[in-house]
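This report refers to the structure that appears directly beneath it.
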Amino acid sequence: KKIENIPQIVELNEAIRVAKNENNPNKELSLIEELLKIEPDREEMKQRAQVLRTQLAESRFNQAISQAYQAIEQQLVEKARQALSQAEKIYPSRPENKEVKSALAQLESQLRFNQHIVAAEKAQQADNWETAKQELSAALKERPANKDLIDRLNQAKRIVEIDQNIQGLLQNPYRLSNPAVKATADINVIQAESFGAQSPSLAKSAQHLKSTINAVNTPVNVNVISDGKTFVSVRGVGKVGETTGKTIQLKPGTYSFEGKREGYRSKLIEVQIPLNRSDYQVTVIADERI
């Protein structure tokens, strides 16, 4: 059987020699492996095969690392990951893998940073400061020491905070007649005006609050109608007296008008004097006998 294999062995040996001279390690290794199937005891060929496997693995590894760096330079994250994965399959513990991972992590961080900055700028242009705040906050996680970014985020937070304060005050405008609440509202108006160039919507809200403060604190002429026999008073405010018609001044808000008459049940009327009215009328007559 060995004699029968001699022609094939001779042919393979010659092909191996040619492949080596042509510096074609893939072909040479393939031929050696074919030869070892016929003559498994050829130690020199086994050693040469191992050298070639190492050489080819090294070449594939270096190529994968090179492709990873090239992909990183082109900002192709997925392609870089695939090349790194190939390198790790060949030599899992090589330090080059860690270096590529570090470079890839930096690229991903930069891309996330750029994405958040673009989104933040778009939100600012749209006067959407809540979104701008979120995007700037996310960008700051990528660049924690960026002073300009910190300043921009603080500005966004301030605009959002002032706007929330103003909207909260506008939800219950009648509270603005309270001196302490009014003082807080006045401060928010001043603060909002300082950001008017950056946020037109905030400037508009500040103007609305300002006009609401004026409206709430502008007394309305209230014409109290009665029968001249009912004693009318405004709880927490003062007495109107017995009248058929009297005009008093009250700031916009909710009031309790009470009418009392001997022999009749007291009448209590809750009224809300609206904003932006110059006059208002309320009728209070105790007309239900006891």
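A count restricted to the stretch 93-113 and to residues that are of a type outside the set (Lys, Arg), at pLDDT 95 or above and over 30 Å from residue 134 (Cβ atoms) stands at 5.
No other residue among 126, 120, 103 is under 31 Å from the mean Cα position of the chain (by Cα), among the small types (Gly, Ala, Ser) and under 17 Å from residue 66 (Cα atoms) apart from 103.
For the residues 106, 124, 115, the requirement of being among the polar types (S, T, N, Q), touching a residue at least 12 places away in the same chain (Cβ under 8 Å) and in a helix (DSSP H, G or I) singles out 124. For first residues located in the stretch 128-139 and under 13 Å from residue 114 (Cα atoms), partners that are modelled with pLDDT of 95 or more and surrounded by 23 or more Cβ atoms within 10 Å (Cβ to Cβ) and lie 6+ apart or on another chain with Cβ distances below 7 Å form the pairs 135/120; 136/120; 136/156; 139/120. Scanning the stretch 182-217 for residues that are among the hydroxyl-bearing types (Ser, Thr, Tyr), open to solvent by less than 60 Å² (accessible area, probe 1.4 Å) and outside any helix (DSSP H, G or I) returns a single hit, 199. Residues of the stretch 45-83 that are over 30 Å from residue 16 (Cα atoms), charged (D, E, K, R) and in contact with a Leu (Cβ under 8 Å, 6 or more places away or on another chain): 81 alone. Residues in the stretch 84-138 that are basic (Lys, Arg) and loosely packed, with under 13 Cβ neighbours inside 10 Å: 89, 98. Please determine whether any residue of the stretch 151-166 is surrounded by fewer than 17 Cβ atoms within 10 Å (Cβ to Cβ), without any contact (Cβ under 8 Å) to a residue 40 or more places away in the chain and of a type in the set (A, V, I, L, M). Within the stretch 151-166, none of the residues are surrounded by fewer than 17 Cβ atoms within 10 Å (Cβ to Cβ), without any contact (Cβ under 8 Å) to a residue 40 or more places away in the chain and of a type in the set (A, V, I, L, M).
The values are calculated or read from the model by the stated rules, or taken from the named source; none is laboratory data. Just so you know, these numbers come straight off a predicted model, no measurement behind them. Cβ: placed from backbone, ideal geometry, glycine included. Neighbour counts: every protein chain shown. The protein model used for the area step is the full one, side chains on, heavy atoms only, and it has no ligands, DNA or RNA in it. Shrake-Rupley method; radii C 1.70, N 1.55, O 1.52, S 1.80 Å.
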